[in-house]
1. Go through the range 179-194 and give me each residue that's open to solvent by 10 Å² or more (accessible area, probe 1.4 Å), at pLDDT 85 or above and among the small types (Gly, Ala, Ser).
2. In the range 256-284, which residue that is surrounded by fewer than 16 Cβ atoms within 10 Å (Cβ to Cβ) and in contact (Cβ under 8 Å) with a residue 12 or more places away in the chain is nearest to the chain's Cα centre (by Cα)?
3. Determine the pairs where a residue that is at negative phi and open to solvent by less than 70 Å² (accessible area, probe 1.4 Å), located within the range 93-106, has a partner that is among the small types (Gly, Ala, Ser) and in a loop (DSSP other than H, G, I, E, B) with Cβ atoms under 8 Å apart, the partner being 6 or more residues away or on another chain.
4. Given the condition surrounded by 15 or more Cβ atoms within 10 Å (Cβ to Cβ), touching a Phe, Trp or Tyr at 6+ places or on another chain (Cβ under 8 Å) and closer than 25 Å to Phe367 by Cβ, answer yes or no: does some residue in the range 195-208 qualify?
5. With the condition kept exactly as written, say whether any residue in the range 279-293 is in contact with a Ser or Thr (Cβ under 9 Å, 6 or more places away or on another chain) and closer than 28 Å to Cys149 by Cβ.
6. Going by the conditions given, is Ile345 closer than 25 Å to His169 by Cβ, at pLDDT 90 or above and surrounded by 17 or more Cβ atoms within 10 Å (Cβ to Cβ)?
7. Which fully enclosed helices (runs of 4 or more DSSP H) of the range 369-438 have 1 or more residues being in contact with a Ser or Thr (Cβ under 8 Å, 6 or more places away or on another chain), surrounded by 18 or more Cβ atoms within 10 Å (Cβ to Cβ) and among the basic types (Lys, Arg)?
8. Collect the residues in the range 439-455 that are open to solvent by less than 50 Å² (accessible area, probe 1.4 Å) and β-branched (Val, Ile, Thr), keeping them in residue-number order.
Amino acid sequence: MERRLQQIFFVLSILALGLILAAAWQANTPSWKTFQRNYLQLEAQEEPNAITKAAVLATPPEIHQVMLTGLQRVDRCTTCHLGVEDPTMKNAPEPYRYHAGLGPHVPSKFGCTICHGGQGLATDKDSAHGNVAFWQTPLLPKEYVRASCGRCHKEGDVPDVPELTEGRHLFETQGCRGCHKLNGVGGSIGPDLTEEGANLRSPEWLERHFLAPNAVSSGSAMPNFHFTKEQARDLTYYMLSLTNEEMGTYYSSVRLIPSPEYGRQLFVEKNCITCHTIGGVGSKTGLDLLGVTKRHSTEWLDEQLVNPELVYPGSSMPEYDLETNARKALLAFLSSATSEDMQSILSKKPRALTPEEVSVEVGKQDFARFGCVGCHGTELQGGVANPNAQGGEVPSLLHVSDDYTKDEVIAIIRNGRVPPKDNVSGPTPPLYMPPWKNVLSDEDINRIADYLWSKQQKKETW
């Protein structure tokens, strides 16, 4: 019996020693070292000189780390993805392949995780790609990586990412702010979306939620807006861009991309057409701007936008409070603007509105922007289901003047209102009117009321 126990102890000791040696070998031979050896062999294949080839193969393995204090992160992705900045590796297999289209977004300044997601500090594949418990930002699917552009570029349009532009537009016009806060502005019926892109929800979940809210989140108060597949995708892009990350000065300074398209938008918004012509088309008050970027240096034109009187004494041009990239965008538009562009702008320029019409138009925009359309509809028709509310749905506002005075409606907008229950002992209706007094000014609330009453007047004339 004693001999038997000695044999068992001997076998277990050998097994324990084997496990210790295996653990030590694995600790000293992590997968990233294997990737680096394979990459060096790829590099060495292209070296005709034997001495140079030997030097490449003798390169000691090391962790490649990028400290990104301005983005509050550390990335070690290039420990394995060694060829991202080497054009000769454009046909190499992953993880050694060259990253085409990087442009100014070099890993040394931006890292990788700000766009792709994943866990920058990790050095094994699963952990680095974020496929581990409790890591909130796993790698984004390839088709959604471009959504990350909106994490930095929050103002203006992002060239080549129209989904972001359309997603922002849908959010602001389809009533999302009526139930959701974004950067402190909006309702509180639904969750705050300020950091939605940093949550664990996958792009697939978000897209399905926009197409059929109750099918994904049972009992959700969110109405079915009957978005198309493309609209759901656009909104998903926008949601993924909402991370509210802290960024240093450099990254904040490039948040707006100075594209000609945004410059055109500024040209219209700042009413440049009121004084200037382009190719003889427009107002004759100011100078013709056709070819102006060829007649003057960029520095002179930039200073002219900042301080017109200093550069051009006697100038009647106002000082516009435009930040650097906005001025660059405006000059980018002017560098290619033609008389045809001016004709197009003029054809869409509306007539001047009366003060009353301005109030109604601003009220209409606020009605959409702050989410009223989400429940009451773009044409005030209401009809959104609201369980256990009297009537069973959000009421139409087309006849609101029949039941309330204008002052009463203003008070409801300001202070909010929970709809009366259909069954007193039943649950509170999920949709209610939140108070807007801490979000909207009294002037904005009055303008919304003006818009509602303008619709009443139109109804009465029919």
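1. Gly184, Gly190
2. My answer is Glu261.
3. Pairs that qualify, where the first residue is at negative phi and open to solvent by less than 70 Å² (accessible area, probe 1.4 Å) and the partner is among the small types (Gly, Ala, Ser) and in a loop (DSSP other than H, G, I, E, B), are Tyr96/Gly83.
4. No, the range 195-208 contains no residue that is surrounded by 15 or more Cβ atoms within 10 Å (Cβ to Cβ), touching a Phe, Trp or Tyr at 6+ places or on another chain (Cβ under 8 Å) and closer than 25 Å to Phe367 by Cβ.
5. Checked against the condition, which is being in contact with a Ser or Thr (Cβ under 9 Å, 6 or more places away or on another chain) and closer than 28 Å to Cys149 by Cβ, the range 279-293 yields at least one hit.
6. Considered against the rule, which asks whether it is closer than 25 Å to His169 by Cβ, at pLDDT 90 or above and surrounded by 17 or more Cβ atoms within 10 Å (Cβ to Cβ), Ile345 comes out as no.
7. Those helices (runs of 4 or more DSSP H) do not exist here; none qualify.
8. If the condition is that a residue be open to solvent by less than 50 Å² (accessible area, probe 1.4 Å) and β-branched (Val, Ile, Thr), then Ile445, Ile448 are the ones that fit.
The values are calculated or read from the model by the stated rules, or taken from the named source; none is laboratory data. Since the model is a prediction, treat every value here as computed from it, not as a measurement. Heads up, the Cβs are rebuilt from the backbone with ideal geometry, glycines too, and the neighbour counts pull from every protein chain shown. What goes into the accessible areas is simple: the full protein's heavy atoms, side chains included, and nothing from ligands, DNA or RNA. Shrake-Rupley method; radii C 1.70, N 1.55, O 1.52, S 1.80 Å.
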